[in-house]
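> Pasting a structure here, questions to come.
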Amino acid sequence: MREFDLEVDSVRDLNAALHALTEEDRDRDFLVCHPNGRHSVAVGAMLEADIRIEGHVGYYCAGMNQRARVQVRGNVGPGVAENMMSGMVQVTGNASQYAGASGRGGLLVIEGDASSRCGISMKGVNIVVRGSVGHMSAFMAQAGALVVCGDAGQHLGDSIYEARLYVRGTVRSLGADCVEKDMTDEHVKELSGLLLAAGIEADAREFRRYGSARRLYNFNIDHVDEY
Amino acid sequence: MSVYKRAQRPSATFPDHVLSEIHRAADQGIYEIRGFGAKRRVPGFDDLLFLGASVSRYPLEGYREACGTDVVLGTRHAKNPLRLKIPITIAGMSFGALGANAKESLGRAATAMGTSTTTGDGGMTVEERSASETLVYQVLPSRYGLNPDDLRKADALEVVVGQGAKPGGGGMLLGQKITERVAGMRTLPEGIDQRSACRHPDWTGPDDLEIKINELREITDWRVPIYVKVGATRTRYDVQLAVKAGADVVVVDGMQGGTAATQDVFIEHVGIPTLPAVRLAVEALKELRMHRKVQLIVSGGIRSGADVAKALALGADAVSIGSAAMVALGCNKPVYEDDYARLGTEPGCCHHCHTGACPVGITTQRPELEERLPPEVGARRMRNYLATLVLELQTIARACGKSHVHNLEPEDMVALTVEAAAMARVPLAGTDWIPGWRE
Ligand code: SF4
């Protein structure tokens with residue numbers, strides 16, 4: 001276990017150590033203490049590693065994560081796991097804006113609530129939120145799945161492409177071109193798998209599915225009111 | 001028809017092109033989306049002249065006395081700043097907007113000339129990485145194709161906040177250009193219009209930008225320079241905020257800058273010309289005492305060695321070319337005229353990059369059109385053009401008595417028009433008058 005106390009060590013020390021990991025390294029467990037809201041904690045990890053962060057972090061924690069498992073035992077600032085590629089990022093508390101923005105792969109789990117624009121521009125990442133998400137979540141979401149066990153704020157899935165949205169609670173409103181869709185067996189299976197991977201016990205059949213009506217895929221003057 | 005000619009005079013408010021646009025809008029019900037840059041005339045580098053040396057200062061011997069052209073970019077924070085042999089770089093143009101042959105041509109030519117080329121929306125292709133010795137990787141609002149592996153392969157990063165052709169606006173790659181490969185790179189279905197967002201998904205203001213830049217530095221272990229590119233609008237503030245956010249290099253793109261596809265109303269009516277933008281950017285850097293510490297790259301309508309010399313004389317460290325590079329590859333060349341006609345245009349007027357049917361094989365993904373631009377031919381043309389720009393630049397610098405092109409200065413120039421004098425803050429030719437200037 002390698003320990004980084006961010007009251008003594010710098011974020012640079014931590015990230016440099018993560019980037020210096022090689023496939024041959026056996027010790028791949030990292031403990032990060034006293035993050036105290038610092039930004040860019042554990043960004044750009046490339047290899048399998050277990051990184052536990054004890055406390056609250058600022059912006060972009062676990063940004064562009066590849067293969068590592070990152071657990072934040074606290075709340076996270078804006079852009080947690082932005083553009084993550086693979087691996088898993090788990091937040092035991094709440095997440096600020098843009099959680100999982102433009103993520104391309106892997107699993108992001110938020111045990112609390114996520115603020116506005118959760119999953120904005122997501123490109124393949126799966127995001128599971130045990131609580132609720134704020135307005136404009138999944139804006140321009142391209143691929144992957146956003147699972148919300150609580151409620152969703154206004155304009156969910158605005159200008160969505162091919163991402164799949166599952167919400168158990170209420171949806172304040174749907175954004176442009178986002179519609180409710182049938183929950184087929186295939187979707188129940190996918191959702192059950194995501195909930196299981198996230199460690200959340202919930203019945204997939206209680207969720208509703210939302211996705212793109214695909215009316216804005218090619219410009220059509222008769223749909224101009226939706227832009 | 002009346003015998004009195006006055007009765008047939010056209011309206012100044014509704015000239016031909018305005019009438020035609022209203023007719024088109026009424027027929028189609030959508031604004032015009034097109035490629036290329038502004039077509040209207042704006043005050044520009046043509047409105048400045050150099051004062052060659054004579055008695056008061058002596059020139060350097062052409063071809064004999066050295067006139068340096070090298071530039072180092074990213075000296076502020078990066079462990080590995082870029083060392084370029086010439087101060088002319090290739091601007092970001094996406095694979096998708098451009099075909100693979102055009103991208104490869106640019107990469108090969110830039111490598112041969114010791115300069116950099118730049119990716120675009122959609123990410124980095126294997127071909128352009130291998131063709132370009134020095135490659136700048138753009139981090140754009142859409143984040144199409146963005147990934148940390150390519151981030152680490154890049155020689156510099158460019159956070160694109162805006163573009164001169166459309167500051168404040170996103171992009172649009174129309175469905176007809178979205179092949180399987182382009183769609184795959186952008187994680188979107190084939191054939192749909194691909195909108196590029198106008199704002200980054202995970203930051204909004206200058207304070208966020210500072211944190212974002214820091215994250216990118218952390219991911220790349222502080223190795224590579226980080227540029228911030230802005231469209232020229234409130235240039236003084238934007239440049240200062242980019243510096244405050246930690247940029248190593250600021251790129252200012254004037255309104256003459258081109259685009260693959262955006263609304264004509266944007267191209268022609270939003271942003272300020274490159275000429276005042278350079279001067280404002282330099283003043284902003286000087287005010288912070290960061291001129292030459294944070295390097296300035298200027299783009300937007302740079303066409304000739306004279307334009308490069310004027311931008312450098314106003315205080316830029318380097319320029320970037322996009323549209324002119326495409327012209328060097330053959331854009332608007334009078335060949336394949338039937339294909340221009342099929343697009344409803346002719347050589348010299350074409351701005352149909354958005355259609356994907358580029359007659360000269362540059363902005364297309366269609367193999368039969370791309371064949372018209374073999375990479376070795378494109379690279380040769382581009383290399384010749386860059387070499388010509390450098391020779392022209394050195395010719396002017398030597399004539400002004402400068403042993404390095406960065407020694408050119410505003411004092412070497414005069415303006416031909418009152419507007420240009422005011423915008424560039426150089427005197428109107430034959431006077432010592434700089435409109436609007438107070439000591
Ligand atoms: S010739 Fe090709 S590159 Fe040039 S404006 Fe026309 S379509 Fe665009």
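> Would you say B:THR179 is in contact (Cβ under 8 Å) with a residue 40 or more places away in the chain and either within 29 Å of B:ALA78 (Cβ to Cβ) or at the interface with another protein chain (Cβ under 8 Å from one of its Cβ atoms) (or both)?
Against the criterion (in contact (Cβ under 8 Å) with a residue 40 or more places away in the chain and either within 29 Å of B:ALA78 (Cβ to Cβ) or at the interface with another protein chain (Cβ under 8 Å from one of its Cβ atoms) (or both)), B:THR179 does not qualify.
> Quick one: count up the residues across region A:14-29 that are loosely packed, with under 12 Cβ neighbours inside 10 Å and within 20 Å of A:GLY58 (Cα to Cα).
0
> Of the residues that sit in region B:327-348 and are hydrophobic (A, V, I, L, M, F, W, C) and more than 9 Å from the ligand (Cβ to nearest atom), which one is nearest to the other protein chains (Cβ to nearest Cβ)?
B:ALA341
> The conditions are (1) part of a helix (DSSP H, G or I); (2) in contact with a Phe, Trp or Tyr (Cβ under 9 Å, 6 or more places away or on another chain); (3) within 14 Å of chain A (Cβ to nearest Cβ), and B:LEU188 fails exactly one of them. Which is it?
(1) is the only condition that B:LEU188 fails.
> Read through the list (1) surrounded by fewer than 23 Cβ atoms within 10 Å (Cβ to Cβ); (2) more than 7 Å from the ligand (Cβ to nearest atom); (3) of a type outside the set (Asp, Glu), then give the number of the only condition that B:GLY322 fails.
(1)
> Okay, moving on. Looking at B:GLY315, is it within 11 Å of the ligand (Cβ to nearest atom), more than 16 Å from the chain's Cα centre (by Cα), in contact (Cβ under 8 Å) with a residue 40 or more places away in the chain and buried (at least 21 other Cβ atoms within 10 Å of the Cβ)?
In short, no.
> Here's something else I'd like to know. For residues in region B:186-223 being among the hydrophobic types (A, V, I, L, M, F, W, C) and under 23 Å from A:GLY44 (Cα atoms), which is surrounded by the most Cβ atoms within 10 Å (Cβ to Cβ)?
Across region B:186-223, the extreme among qualifying residues is B:TRP203.
> Turning to a different aspect of this structure: Can you pull out every residue in region B:26-41 that is free of Cβ contacts under 8 Å to residues at least 24 places away in the same chain and either farther than 30 Å from B:THR274 by Cα or in contact with a helix residue (DSSP H, G or I) (Cβ under 7 Å, 6 or more places away or on another chain) (or both)?
If the condition is that a residue be free of Cβ contacts under 8 Å to residues at least 24 places away in the same chain and either farther than 30 Å from B:THR274 by Cα or in contact with a helix residue (DSSP H, G or I) (Cβ under 7 Å, 6 or more places away or on another chain) (or both), then B:ALA26, B:ASP27, B:GLN28, B:GLY29, B:ILE30 are the ones that fit.
> OK, next. Can you tell me which of (1) more than 8 Å from every other protein chain (Cβ to nearest Cβ); (2) within 26 Å of A:ASN220 (Cα to Cα) is the one B:GLU158 doesn't meet?
(2)
> Out of all the residues in region A:51-80, which are within 13 Å of the chain's Cα centre (by Cα) and within 10 Å of chain B (Cβ to nearest Cβ)?
A:TYR60, A:CYS61, A:GLY63, A:MET64, A:ASN65, A:GLY77, A:PRO78, A:GLY79, A:VAL80 - these are the residues of region A:51-80 that are within 13 Å of the chain's Cα centre (by Cα) and within 10 Å of chain B (Cβ to nearest Cβ).
> Within region B:20-60, restricting attention to residues that are among the charged types (D, E, K, R) and modelled with pLDDT of 90 or more, which residue is nearest to the ligand (Cβ to nearest atom)?
Here the residue is B:LYS39.
> Which number in (1) more than 11 Å from every other protein chain (Cβ to nearest Cβ); (2) over 19 Å from B:ASP149 (Cα atoms); (3) in contact with a Leu (Cβ under 7 Å, 6 or more places away or on another chain) marks the one condition that A:ALA99 misses?
Condition not satisfied by A:ALA99: (1).
> Quick check: anything in region B:262-273 on the phi < 0 side of the Ramachandran plot, crowded, with 24+ Cβ neighbours inside 10 Å, at pLDDT below 95 and assigned to a helix (DSSP H, G or I)?
The answer is yes; a qualifying residue exists.
> For region B:226-242, which positions are surrounded by fewer than 22 Cβ atoms within 10 Å (Cβ to Cβ) and not in a loop (DSSP other than H, G, I, E, B)?
Those that are surrounded by fewer than 22 Cβ atoms within 10 Å (Cβ to Cβ) and not in a loop (DSSP other than H, G, I, E, B): B:ARG236, B:TYR237, B:GLN240, B:LEU241.
> Report, by residue number, each residue of region A:144-181 that is of a type in the set (A, V, I, L, M), in a strand (DSSP E or B) and surrounded by 19 or more Cβ atoms within 10 Å (Cβ to Cβ).
Once the filter is applied, which keeps residues that are of a type in the set (A, V, I, L, M), in a strand (DSSP E or B) and surrounded by 19 or more Cβ atoms within 10 Å (Cβ to Cβ), region A:144-181 yields A:ALA145, A:LEU146, A:VAL147, A:VAL148, A:ALA152, A:LEU156, A:LEU165, A:VAL167, A:VAL171, A:LEU174.
> While we're here: Mind telling me which of the residues B:ARG195, B:ARG199, B:ARG223, B:ARG217 ends up being assigned to a strand (DSSP E or B) and within 11 Å of chain A (Cβ to nearest Cβ)?
None of the other options fit; the residue is B:ARG195.
> Please return the ranges of strands (runs of 3 or more DSSP E) entirely within region B:31-85 where 3 or more residues are closer than 21 Å to B:LEU296 by Cβ.
So the answer is B:71-73, B:82-84.
> Could you check region B:311-407 for helices (runs of 4 or more DSSP H) lying wholly inside it with 3 or more residues that are within 14 Å of B:LEU106 (Cα to Cα) and not small (Gly, Ala, Ser)?
Because the criterion is at least 3 residues that are within 14 Å of B:LEU106 (Cα to Cα) and not small (Gly, Ala, Ser), the helices (runs of 4 or more DSSP H) in region B:311-407 that meet it are B:323-329, B:375-399.
> Moving on. Report yes if some residue within region B:146-155 is surrounded by fewer than 24 Cβ atoms within 10 Å (Cβ to Cβ), within 10 Å of chain A (Cβ to nearest Cβ), without any contact (Cβ under 8 Å) to a residue 12 or more places away in the chain and not aromatic (Phe, Trp, Tyr); otherwise report no.
Checked region B:146-155: at least one residue is surrounded by fewer than 24 Cβ atoms within 10 Å (Cβ to Cβ), within 10 Å of chain A (Cβ to nearest Cβ), without any contact (Cβ under 8 Å) to a residue 12 or more places away in the chain and not aromatic (Phe, Trp, Tyr).
> Also, quick follow-up: What are the residues in region B:1-16 that are within 33 Å of the chain's Cα centre (by Cα) and exposed (fewer than 10 other Cβ atoms within 10 Å of the Cβ), if any?
Correct list: B:ALA12, B:THR13, B:ASP16.
> On to the next question. Only one of these conditions is not met by A:GLN90: (1) part of a loop (DSSP other than H, G, I, E, B); (2) more than 11 Å from every other protein chain (Cβ to nearest Cβ). Which number is it?
(1)
The values are calculated or read from the model by the stated rules, or taken from the named source; none is laboratory data. No experiment lies behind these values; they were computed from the predicted model shown. Neighbour counts run over all protein chains shown; Cβ positions are idealised from the backbone, glycine included.
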